[in-house]
1. With the structure loaded, tell me whether G120 is under 18 Å from the mean Cα position of the chain (by Cα), more than 26 Å from H78 (Cβ to Cβ) and in contact (Cβ under 8 Å) with a residue 60 or more places away in the chain or whether it fails that test.
2. Which condition number in (1) farther than 22 Å from W194 by Cα; (2) in contact (Cβ under 8 Å) with a residue 60 or more places away in the chain is the one that S97 fails?
3. Here is a list: A74, A43, A83. Which entry is in contact (Cβ under 8 Å) with a residue 40 or more places away in the chain, surrounded by fewer than 17 Cβ atoms within 10 Å (Cβ to Cβ) and not hydroxyl-bearing (S, T, Y)?
Amino acid sequence: MEKFSSEPQPLLALVDALRRLPGVGVRTARRMAYHLLQHDLQAAEQLGQALTEAVERLQHCEQCNGFTEVPVCATCEHPERDASLLCIVETPADQNSIEATHGYTGMYYVLMGSLAPLEGRGPDELDFGRVLKRAGNGLVKEVILATNFTAEGETTAHYLSESLRALGIKVTRLARGVPAGSEIEYVDAGTVAWALMERRPT
């Protein structure tokens, strides 16, 4: 017998879409959907419009792979950034956390993920060839691996470290000022700043 739901299809579709957010289960997604539709239709419309505009207008920066509206982002174009330093992070949120320390003035490369073979994310899916090309542009003297201290982040850092060393590039890793098992996005700026200062060779 087919499972029957009394909820209208548009509501089910909204709940299903909200479930795709990290850490959001069915009950939380349903609560969010009902709140928006019952109490804040203006916010619901604003959310929908903002998501549509973001999807339509944002692209990946040709140099750092972060999000931007133009081919090369403002960070990569900034004349005072140190082109000899390249910090590799997993997500744009991690980049924002490092920027919040005001202690790093180099360039970035955003992987948009980490190696997770069981989930189908390998070096090809993360386009590591592009990462190595960016690091080997002749300007970069040191690569800072600022991936998360999770199993996936450590695997990613190890793989990149081996590949970058083969190109003759100096590679350092964030120091353990960042707690093991944590994600940089959720670490306070002071801890991230300390980890940057205390970075070590891998």
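The values are calculated or read from the model by the stated rules, or taken from the named source; none is laboratory data. Keep in mind that this is a model prediction, so the values were computed, not measured. Don't worry about glycine lacking a Cβ; one is built from the backbone with ideal geometry, like all the others, and counts go over all protein chains shown.
1. For G120, the condition - under 18 Å from the mean Cα position of the chain (by Cα), more than 26 Å from H78 (Cβ to Cβ) and in contact (Cβ under 8 Å) with a residue 60 or more places away in the chain - is not met.
2. All conditions pass for S97, except number (1).
3. A83
Quick grid of which residues meet (1) in the same structural domain as P92 (by TED's automatic domain parsing); (2) at pLDDT below 85; (3) acidic (D, E):
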| residue | (1), (2), (3) |
| --- | --- |
| E162 | yes, no, yes |
| K170 | yes, no, no |
| R173 | yes, no, no |
| A180 | yes, yes, no |
| D188 | yes, yes, yes |
| M197 | yes, yes, no |
